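What follows is a set of notes on a single structure, which appears directly below.
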Amino acid sequence: MKGNQNPLFDTQREKAGAKTYEKYSYQYHWALYRVLDEHKKLNEYAVFVELHEDVVIADSLDNDKARFEFNQVKTNKTSFNTFQLVQNKKNGKSVLGKLVSSGFEKPFSDRIDKLNLVALNKFNLDLKEDKIDLEIIRIEDLSDNQFIELENEIKKELNIDALPTNIQFVIPNLSENNFQNDVIASIAKLISNLFPGSYCNPVEIYRLLIDEVNRKGTVTYDFKNWDELLSKKALTSITVTRVINEFTNLKDEAKIESEFNSICFELGLKSIESKRLRQSFNRYRCQRISNSSTIQMDTTKFITKEIQTNIENGVVSLDVLINNVQQSMPTKIGKQFTNIDDVKSAIICEYIIMD
């Protein structure tokens with residue numbers, strides 16, 4: 001893809017929903033709740049509300065690599081059956097037809113991995129296996145008759161050859177009446193898993209993140225440039241990381257300071273050398289806790305793995321350990337550092353944090 005071209009650039013289906021976001025409070029909270037699962041896995045992501053579909057999730061911040069998950073979120077009071085999915089039409093389109101059309105014959109169609117219909121009050125569909133209760137119903141789970149019935153209706157409605165195989169019917173875990181508290185609890189659990197023993201303010205984190213989702217969900221402009229789209233319309237993994245770290249007390253600062261001083265002493269550094277290294281150390285540490293980009297995650301994984309390998313191989317000198325890790329560092333990771341102090345500080349930071 002040329003330059004910084006936005007792979008999702010196309011005329012949007014509708015924009016009215018973005019202007020009345022209060023009506024879709026559950027949808028906005030579900031979007032945040034959904035990406036918290038991605039954050040737990042340390043994945044890179046961007047979530048867009050009211051962009052071609054109710055919720056669109058990208059699995060990368062790189063416009064060339066990003067693949068997409070389209071989600072239509074419904075809070076109907078009754079379960080979706082065949083009639084409600086494909087026969088009950090509004091403005092000539094059924095619920096399922098609307099979902100399929102959001103990803104049909106678009107410039108980005110081949111980059112959509114999942115077309116999800118997310119329904120709070122479940123689905124009443126015939127499945128191949130009786131008496132099973134699935135959280136996610138995939139096309140292959142439908143009975144032959146059920147599949148044929150849905151496909152025939154969609155083929156007539158949209159004049160297409162077949163029902164897309166990436167459709168999924170999803171029952172959300174987010175409750176209907178207590179979804180704000182569910183999201184806050186999910187944030188607290190996420191931070192507990194990522195940073196055991198830390199202290200955080202999940203309510204403040206929730207307020208900032210849901211405000212970001214709400215604010216960007218109201219943006220109705222189209223963006224040709226991918227970076228502009230991310231900046232103006234998306235909640236990204238980088239933003240979530242920054243907010244979490246702002247309201248989370250990680251490892252005790254005094255302990256980090258003490259360990260850093262001990263390392264400088266072991267390395268035999270003079271006062272000026274220690275000060276210069278500390279500046280690099282602080283820069284890297286700040287970047288590490290506020291950045292969940294692919295290169296940062298690769299850097300952390302590589303350095304910690306090499307440190308562990310050296311320790312297991314009997315290396316007891318910190319000077320030797322740092323030199324070994326530095327020498328084995330691949331060019332892709334090494335080129336982000338401007339000098340030897342930056343490389344050393346990154347290795348020292350990962351060494352202190354990993355214990």
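The values are calculated or read from the model by the stated rules, or taken from the named source; none is laboratory data. For clarity, every value in this text was computed on a predicted model and none was experimentally measured. Virtual Cβ from ideal backbone geometry, glycine too; neighbours counted across all protein chains shown.
Quick look at the numbers
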quantity: Test result for residue 131, without any contact (Cβ under 8 Å) to a residue 40 or more places away in the chain and assigned to a helix (DSSP H, G or I); calculated: no
quantity: Any hit, region 229-240, residues being part of a helix (DSSP H, G or I), touching a residue at least 12 places away in the same chain (Cβ under 8 Å), among the basic types (Lys, Arg) and in the same structural domain as residue 202 (by TED's automatic domain parsing); calculated: yes
quantity: Residue check, residue 193 surrounded by fewer than 16 Cβ atoms within 10 Å (Cβ to Cβ) and closer than 16 Å to residue 85 by Cβ; calculated: no
quantity: Residues of region 177-201 satisfying the condition of being out of contact with any strand residue (DSSP E or B) (no Cβ under 7 Å at 6 or more places or on another chain), touching a residue at least 24 places away in the same chain (Cβ under 8 Å) and closer than 18 Å to residue 35 by Cα; calculated: 179, 180, 182, 183, 186, 187, 190, 193, 194
quantity: Odd one out for residue 69 among (1) within 21 Å of residue 162 (Cβ to Cβ); (2) modelled with pLDDT under 85; (3) outside any loop (DSSP other than H, G, I, E, B); calculated: (2)
quantity: Selection status of residue 320, outside any helix (DSSP H, G or I), β-branched (Val, Ile, Thr) and surrounded by fewer than 19 Cβ atoms within 10 Å (Cβ to Cβ); calculated: no
quantity: Residue within region 327-335 that is touching a Leu at 6+ places or on another chain (Cβ under 7 Å), without any contact (Cβ under 8 Å) to a residue 60 or more places away in the chain and of a type outside the set (Asp, Glu) present; calculated: no
quantity: Residue satisfying condition, being surrounded by fewer than 14 Cβ atoms within 10 Å (Cβ to Cβ) and either out of contact with any helix residue (DSSP H, G or I) (no Cβ under 8 Å at 6 or more places or on another chain) or within 30 Å of residue 47 (Cα to Cα) (or both), within set 272, 303; calculated: 272
quantity: Matching residues, region 36-65, being among the aliphatic types (A, V, I, L, M) and surrounded by 22 or more Cβ atoms within 10 Å (Cβ to Cβ); calculated: 46, 47, 49, 51, 55, 56, 57, 58
quantity: Leading residue by the ranking (surrounded by the most Cβ atoms within 10 Å (Cβ to Cβ)) among those in region 275-300 that are in a helix (DSSP H, G or I) and small (Gly, Ala, Ser); calculated: 280
quantity: Residue under evaluation residue 57, criteria (1) part of a helix (DSSP H, G or I); (2) at pLDDT 95 or above, criterion not met; calculated: (1)
